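Novice: Got a structure for you, written out below as structure tokens; questions coming shortly.
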Amino acid sequence: CVGGNGRSGGFSAAVSSRKSRRRFISALLRLCEKAGFDGVDYNWEYPGFAFGSGYKSEDDVARDYHGLQHLLIETREAFAPSGRVVTLAYYPDRKQERMLGVMSEHVDAMHAMAYDQSGRHSTYAFAEKVAAQAVE
């Protein structure tokens, strides 16, 4: 997993240009080869979002999602010869599903993080709700 809660601060810069994406993907591919990983699970929490202040401007949000889409496309292209997989974890808040829906064609799987919500941890009812949201 690349990213995660509190470990996603570098994504905006990494996806901001083709050159920075290429550099990142190249390093990621070397890591996968060296460690024997079968792919990557991107977990950007969250495109266009700053912890402590919430979502950034609409332009910043759009720029991050645009960069993420290209990161997924370019990672998939780079991983294709080796058969490595590309997956994407996301937070199920309806905004993410709306923004990420068009990207599903560029990944092998999308993982809705149906846990760590307020109240009781990881309930079956919440998982059902998240699964229903994902297909709306």
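The values are calculated or read from the model by the stated rules, or taken from the named source; none is laboratory data. Quick caveat: nothing in here was measured; it's all calculated off a predicted structure. Here the Cβ is made from the backbone with ideal geometry for all residues, glycine too, and neighbour counts use every protein chain on show. Each accessible area value is taken on the protein alone, full model and side chains, heavy atoms only, with ligands, DNA and RNA left out. Shrake-Rupley method; radii C 1.70, N 1.55, O 1.52, S 1.80 Å.
Novice: Give me, ordered by chain and number, the residues 5 or more places off G39 or on other chains with an amide H under 5 Å from its own placed amide H.
Specialist: Amide H neighbours of G39: V85.
Novice: Could you check which residue among G36, G52, G67 shows the biggest mean-square fluctuation in a GNM of the chain with a 10 Å Cα cutoff?
Specialist: G52
Novice: For the chain, what % of the accessible area comes from carbon and sulfur atoms, probe 1.4 Å?
Specialist: Summing carbon and sulfur atoms, their accessible area is 53 percent of the total for the chain.
Novice: Shifting gears a bit: Identify which of the listed values of semi-axes √(5λ) of the Cα gyration tensor in Å was calculated from the structure shown: (i) 46, 17, 12; (ii) 25, 18, 14; (iii) 56, 17, 12.
Specialist: Computed from these coordinates, semi-axes √(5λ) of the Cα gyration tensor in Å corresponds to label (ii).
Novice: Ok, one more. By how many nm would the segment from Y124 to R98 lengthen if fully extended, with 0.36 nm per residue of separation less the alpha-carbon distance? The partial results should precede the final answer.
Specialist: Working: separation 26, 0.36 × 26 = 9.36 nm, distance 2.31 nm.
Result for the pair: 7.0 nm of gain on full extension.
Novice: Once you order the gyration tensor axes a ≥ b ≥ c over the Cα atoms, which shape class does segment 85-136 get: rounded for a/c under 1.5, otherwise prolate or oblate by comparing a/b with b/c?
Specialist: prolate
Novice: A follow-up question, please. Hey, which lysines would be in cross-link range of K129, C-alpha to C-alpha under 16 Å, not counting anything within fewer than 8 residues on its own chain?
Specialist: Straight-line reach from K129, under 16 Å: K95.
Novice: With a 10 Å radius around each residue's Cβ, average the other Cβ atoms per peptide and rank 16-23, 121-128, highest first.
Specialist: Top to bottom by mean Cβ count within 10 Å: 16-23, 121-128.
Novice: So, R0 is 35 Å and r is the distance between the beta-carbons of S17 and A131; what FRET efficiency does that work out to, to 0.05?
Specialist: The formula returns an efficiency of 0.45 here.
Novice: Here is a follow-up. Relative to the first principal axis of the alpha-carbon coordinates of the chain, what is the inclination of helix 18-35, with its axis defined by its Cα atoms, in degrees from 0 to 90 and to the nearest 10?
Specialist: That helix lies at roughly 90 degrees to the long axis.
Novice: Let me ask you something else. With a sphere of radius 10 Å drawn around the Cβ of F79, what net charge do the other residues whose Cβ falls strictly inside it have (Lys, Arg +1; Asp, Glu -1)?
Specialist: Within the 10 Å Cβ shell, the charges total -2.
Novice: Follow-up. What angle, in degrees between 0 and 90 and rounded to the nearest 10, separates the Cα long axis of helix 124-135 from the longest principal axis of the Cα atoms of the chain?
Specialist: 60 degrees
Novice: Using a 1.4 angstrom probe, figure out how much accessible area the chain has per residue, in square angstrom, rounded to the nearest whole. Intermediate results must be reported in sequence, preceding the final value.
Specialist: On the way: 7880 Å² over 136 residues.
Ligands and nucleic acids excluded, the figure is 58 Å² per residue.
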